[in-house]
2 protein chains.
Amino acid sequence: MSNDDRIAILGGTGDQGLGLALRFAKAGRHVVIGSRKEQRAIDAAEAVKKQVPEAHVEGFGNEEAATGPGIVILSVPFEHTASTVKGIRDHLEPGQIVISMGVPLATAIGDGASKLVGVWQGSCAELVAALLPKGVHTVSAFQNVAAHRLQHLEDEVECDVVVSGAKEPRETVMALCELVPGLRGINGGVLANARIVEAWTALMIGVNIRYKVPEGTGFRFTGLD
Amino acid sequence: MSNDDRIAILGGTGDQGLGLALRFAKAGRHVVIGSRKEQRAIDAAEAVKKQVPEAHVEGFGNEEAATGPGIVILSVPFEHTASTVKGIRDHLEPGQIVISMGVPLATAIGDGASKLVGVWQGSCAELVAALLPKGVHTVSAFQNVAAHRLQHLEDEVECDVVVSGAKEPRETVMALCELVPGLRGINGGVLANARIVEAWTALMIGVNIRYKVPEGTGFRFTGLD
């Protein structure tokens, strides 16, 4: 693992990425927001500071943001995943952990958000893993954490996060979940299980629509502990 | 829908089927257990009566068990699904609801229970729907309700049940969930969403193994009501 304890969030200008940036900054972690357009990342960092005045947060272009931090979170729409990874991979070093939180929603091809498209590698996370240099770890997490609930800093998020990947990086990411009040990291086993977790997110989007919960549902495993 | 308010459970001699039989009998419903071997169904009915003395429960061969009841639950291993449906379909009438609770676990091909095999029709539930006569409704439900928790009649089950299918039969099955203390029926939308719910069951089996919870975990959506 890397010793650089910064957390980079690429696509940290979007709803879910910004929500994570707020929560990790609030927990006292040094957060680096990345965007294709540097100015948007700088603006997002300012937005974080407005809500969390003590935040240690900066904004950069994606390449610079991804250079160094022990954790690099990919919070970009699924259809931009491959291009984003290709854009940063030469800047990554062995030991860094890349977190895939993308979901292959059918919105990528103009269809609805409660449906999925198939991914050749099996899942968005496995697509990411296939594109990353050797020694960089891929972990799947955070797909089904509602953006709005992340952004409401005064409330607990109340959601389990299924974390999949190799043991050591998976445990690092499970520990990361505990920084956010109400999140609980669940050992999701091997990276390929991301296929299931990503699909589950589409189901949850359908539930949010049918039950009219625009702020998003979460879920909890029962019977653990 | 059918006016025959009996609930048939084919494969009601297995752990999960027997658990549902116990719960529905306890709730005062007339339960019909079906098995390929009639004697095993009769024995299972006796076992239900031992735990629920007031139970209205009978055992029959699958064909007879499926003839009439408004609800017919398929609780057979995935690899026996097609043959079971083919065996009963000539005995079904329009208006009956068939509940698919099967999961295409890779155990069907000798691999592990936390993995899945692909189903040509998309899911076990859609396979069932493709084989049933016109006018018989297919609903997907109950996949991830732990058998052991169903069988412990003194405890609540504490699990949400995602119910997928056409509106009217889906609502009938959602109401059925409420008969079991701790179960909550969730509107899972169209039948094709069974693909996601079935896969989720494999993930839960993996969680049960990794966290050493032999009696099985459940799950709850958070943020609903």
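Taking N as the number of residues in segment A:40-171, what is its alpha-carbon radius of gyration divided by 2.2 N^0.38 Å? Don't jump to the answer; show the numbers that get you there.
Numbers: Rg = 15.5 Å, N = 132, 2.2 N^0.38 = 14.1 Å.
It is 1.11.
The mean number of Cβ atoms from other chains found within 10 Å of a Cβ in peptide B:152-161 is 1, as a whole number. Summarising the label geometry, the points placed 7 Å from Cα in the beta-carbon direction at residue B:51 and residue A:80 lie 5.3 nm from one another.
Cross-link partners of residue A:50 among lysines, defined as those whose alpha carbon lies under 20 angstrom from its own and excluding same-chain residues fewer than eight positions apart: A:26.
Relative to the present Cα-Cα distance, how much length would full extension add between residue A:153 and residue A:63 at 0.36 nm per residue of separation? Please list the in-between numbers first.
Details: separation 90, 0.36 × 90 = 32.40 nm, distance 2.87 nm.
29.5 nm is the gain from fully extending residue A:153 to residue A:63.
Ascending distances from the residue B:37 label point to its copies in the other chains, with the point 7 Å along the Cα-to-beta-carbon line: 7.1 nm.
For the listed residue pairs A:49/A:115; B:86/B:115; B:49/B:115; A:115/B:115, the alpha carbons are over 31 angstrom apart in A:49/A:115; B:49/B:115. For the protein assembly as shown, the 222 nm mean residue ellipticity estimated from helices alone, with every DSSP H stretch of n ≥ 4 adding -39500 (n - 2.57) and the total spread over all residues, rounds to -10500 deg cm²/dmol. For the peptides A:194-203, B:112-121, A:170-179, B:32-41, residues were scored by their other Cβ atoms within 10 Å and the scores averaged per peptide; the highest-first order is A:194-203, B:32-41, A:170-179, B:112-121. Computed over chain B, relative contact order equals 18 percent, with contacts defined as Cα pairs under 8 Å that lie 6+ residues apart. Under 5 Å between amide hydrogens, built in the peptide plane, is the criterion, and for residue B:219 it picks out A:222, B:160 among residues at least 5 positions away or on other chains. Scanning residues 5 or more positions from residue A:73 or on other chains, those with amide H under 5 Å from its amide H are A:8, A:9, A:10, A:99, with H placed 1.01 Å from N in the peptide plane. Taking amide H atoms as placed 1.01 Å from N in the peptide plane, the amide H of residue A:142 lies under 5 Å from those of A:162, each 5 or more residues away in sequence or on another chain.
Inter-label distance, residue B:187 to residue A:210: 0.7 nm, where each label sits 7 Å from its Cα along the C-beta direction.
The tail of the calculated P(r) for the protein assembly as shown, taken as Cα-Cα distances beyond 44 Å, holds 18 percent of the pairs.
Over segment B:42-160, what is the relative contact order in percent, taking alpha-carbon pairs closer than 8 angstrom and at least six residues apart? Each step should come with its number before you reach the end.
On the way: 160 pairs, mean separation 26.0, N = 119.
Rounded, it is 22 percent for segment B:42-160.
The simple Förster model, with R0 at 25 Å and r as the Cβ-Cβ distance, assigns residue B:15 and residue B:39 a FRET efficiency of 0.85. For segment B:74-126 versus segment A:65-134, the inter-centroid distance based on Cα atoms is 34 Å.
Bear in mind these aren't lab numbers, they're just calculated from the coordinates by the rules spelled out. On a predicted model such as this, the values are computed, not experimentally measured, just so you know. Quick reminder, even Gly has a Cβ in these numbers, built from the backbone with ideal geometry, and neighbours come from all protein chains shown.
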